[in-house]
Amino acid sequence: FRRLGLRGMKQRLLVVANRLPVSANRRGEDHWSLEISAGGLVSALLGVKDVDAKWIGWAGVNVPDEIGQRALTRALAEKRCIPVFLDEEIVHQYYNGYCNNILWPLFHYLGLPQEDRLATTRNFESQFNAYKRANQMFADVVYEHYQEGDVIWCHDYHLMFLPKCLKDHNINMKVGWFLHTPFPSSEIYRTLPSRSELLRSVLCADLVGFHTYDYARHFVSACTRILGLEGTPEGVEDQGRLTRVAAFPIGIDSERFKRALELTAVKRHINELTQRFAGRKVMLGVDRLDMIKGIPQKILAFEKFLEENPLWNDKVVLLQIAVPTRTDVPEYQKLTSQVHEIVGRINGRFGTLTAVPIHHLDRSLDFHALCALYAVTDVALVTSLRDGMNLVSYEYVACQGSKKGVLILSEFAGAAQSLGAGAILVNPWNITEVANSIRHALTMSPDEREKRHRHNYAHVTTHTAQDWAETFVCELNETVAEAQLRTRQ
Ligand code: ADQ
């Protein structure tokens, strides 16, 4: 900002994401109670220096009446949030359909839905139209609140059509787009029927960001192979206009975790857990219950470990905390039953009258309970089949200052690029390899644990969420300033 002469001024940042960082509950005709979810993204964006940030997004509830909409808008304004109202039909087609059923699996290499190809193809058209309509509704709210000089930061696969809507309205808007999931190889991406339209829309942004260099490279390849455009070291060029494409690996607010570990309540919880699992090593998995997180594969690898290392029976416990998501989708319901079935079988097989090897909880934990669990654990198992970054691995490392636990990490998580030197990297599909890594982690010498932990801790505490957001916003400002200079010359 200094270089741009913005010192002392607060630049306005409009963050546009599918969901606002709040949960909203209606308490009466014109009364709402709101709870801000204090996730990494929220603290990242609130922590950006010299920036005045506001969020635009869907509040996650259907509000058909005007009185309710006005009341919710008022309540959200106090939290610096601006709602986009989506009706049930559009949520069904755009969010459940196109976003969650088509883009999410495709971007995680699970392919397009295949059960009924014809039905999928028919739905596809109407879902894509709903996706575009929904993106236009987000754009309409941005137009209403935009002031000259604002930075608009669009987030994730839900809003790939938004950069085009914004630039069509006002070519001078500063628009950035960041993808939180992987961007798949162009060979996977090119199966998407609306592949070109989406790429062209994303290219309307001034800056396009990904978690890793590989995802950025896949995106540039998709643009060159599918659209025939030119890829340059800076990004993608189309008729003299450059869209900058780069990697901006996200981080966490590590200080928030460190502060939590100092609280009396958290320390008490750590003591209780330590006593509860005395004499046993504790391994931890924390995931949303999603097929990309590789939970069944992880549990099967743990079973293989128990099978091959009978001396460890009763001396190790796996705590798997899985928050249910998208519970109305049949595939997710199937996944839940599958996980329950495997856990039940393994506990029946290896459990004793006094202990079971796996504690599986289908729920979310509050922040303090999560920090306590991270801190008491000897080994964390992150075995995503694909994951944009994976913040759980970062959070675990941040809480391991004293214990120096071992992180077993999937090579298919973006975090493998940053925490690879300290973690034990595994191919989550190779159950034997994961089982061997569990043995390695449980028997690792204190020296090796210390060395590995030191590496990761240094990374997690220096590459924070605030740095990520600040870097992105600065680069967006610079990219636009450079482009303006080029056109003037
Ligand atoms: P997610 O797929 O949600 O995010 P992740 O990065 O691991 O994955 O973040 C999950 C968050 O939810 C973490 O902050 C974690 O603490 C919390 N969480 C998970 N299970 C929980 C539980 N049982 N109880 C309480 N909290 C729980 C998407 C992408 C990721 C990318 C992020 C950020 O899929 O790859 O890292 O966005 O860009």
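Every read-out reported here was derived from the displayed coordinates using simple, explicitly stated rules and does not represent laboratory data. Computed from a predicted structure; not experimentally measured. Quick reminder, even Gly has a Cβ in these numbers, built from the backbone with ideal geometry, and neighbours come from all protein chains shown.
When DSSP assigns beta bridges and you keep just the ones with both residues in the chain, what percent turn out antiparallel, to the nearest 5?
Within the chain, antiparallel bridges account for around 20 percent of the total.
Evaluate the relative contact order of the chain (contact order divided by residue number), counting alpha-carbon pairs under 8 angstrom at least 6 apart; express in whole percent.
Contact order relative to length: 14 percent.
Apply the Kirkwood formula to segment 180-238: the hydrodynamic radius equals the inverse of the mean of 1/r over all pairs of different alpha-carbon atoms; give it in Å with one decimal.
For segment 180-238, inverting the mean 1/r across all distinct Cα pairs yields 11.4 Å.
Going toward the positive end of the dipole of the chain, with +1 on Lys and Arg Cβ and -1 on Asp and Glu Cβ, which of Leu261, Val175, Ala222 do you reach last?
Leu261
For a footprinting-style exposure proxy, rank Leu300, Leu373 by other Cβ within 10 Å, fewest first.
Sorted ascending by nearby Cβ count, the order is Leu300, Leu373.
Give me the extension gain from Asn313 to Ser37: residue separation times 0.36 nm, minus the current Cα-Cα distance, reported in nm with one decimal.
So the extension gain works out to 95.5 nm.
About the Cα centre of the chain, what is the dipole size in debye to 20, counting +1 per Lys and Arg Cβ and -1 per Asp and Glu Cβ, all else neutral?
Dipole of the chain, to the nearest 20 debye: 940 debye.
If the only charges are +1 at each Lys and Arg Cβ and -1 at each Asp and Glu Cβ, what is the size of the charge dipole of segment 174-282 around the Cα centre, to the nearest 20 debye?
700 debye
Please tell me the relative contact order of segment 88-234 in percent, rounded to the nearest whole number, where contacts are Cα pairs under 8 Å and at least six residues apart.
22 percent
Give me Rg/Rg_expected for the chain, where Rg uses Cα atoms only and Rg_expected = 2.2 N^0.38 Å with N residues.
Computed over Cα atoms of the chain, the ratio equals 1.01.
List every DSSP H helix in the chain whose Cα atoms extend 27 Å or more along the helix's own long axis and whose mean Kyte-Doolittle hydropathy is at least -0.5.
Both cut-offs are met by 465-488.
Could you list His453, His211 so that the one with the fewest beta carbons within 10 Å of its beta carbon is first and the one with the most is last?
His453, His211
Relative contact order of segment 266-420: what whole-number percent is it, with Cα pairs under 8 angstrom and at least 6 residues apart?
29 percent
Report the one residue of Ala435, Phe107, Phe277 whose Cα lies farthest in the direction of the positive end of the charge dipole of the chain (charges on C-beta: Lys and Arg +1, Asp and Glu -1; origin at the Cα centre).
Toward the positive end, the furthest listed residue is Phe277.
Rounded if a/c is under 1.5, else prolate if a/b beats b/c, else oblate: with a ≥ b ≥ c from the C-alpha gyration tensor eigenvalues square-rooted, which is segment 55-98?
oblate
Taking one equal scatterer on every alpha-carbon of segment 316-436, how large is log10 of I(q)/I(0) by Debye at q = 0.17, 0.20 1/Å?
Treating every Cα as an identical point scatterer, log10 I(q)/I(0) equals -1.04, -1.38.
Counting each DSSP H run of 4 or more residues in the chain as -39500 (n - 2.57), what helix-only mean residue ellipticity at 222 nm follows after dividing by all residues, to the nearest 500 deg cm²/dmol?
Helices in the chain give a 222 nm mean residue ellipticity of -14000 deg cm²/dmol.
Taking +1 at the Cβ of each Lys and Arg and -1 at the Cβ of each Asp and Glu, which of Asn477, Ser37, Asn456 sits farthest along the dipole of the chain towards its positive end, judged by Cα position relative to the Cα centre?
So the residue furthest toward the plus end is Asn456.
Relative to the Cα centre, what is the charge dipole magnitude of segment 266-423, using +1 at the beta carbon of each Lys and Arg, -1 at the beta carbon of each Asp and Glu, and rounding to the nearest 20 debye?
Using Cβ point charges on Lys, Arg, Asp and Glu, segment 266-423 gives about 380 debye.
In the P(r) worked out for segment 13-109, what percent of Cα pairs fall beyond 17 Å?
56 percent
If you rank Asp150, Asp290, Asp366 by fewest surrounding Cβ atoms within 10 Å, what's the result?
Asp366, Asp150, Asp290
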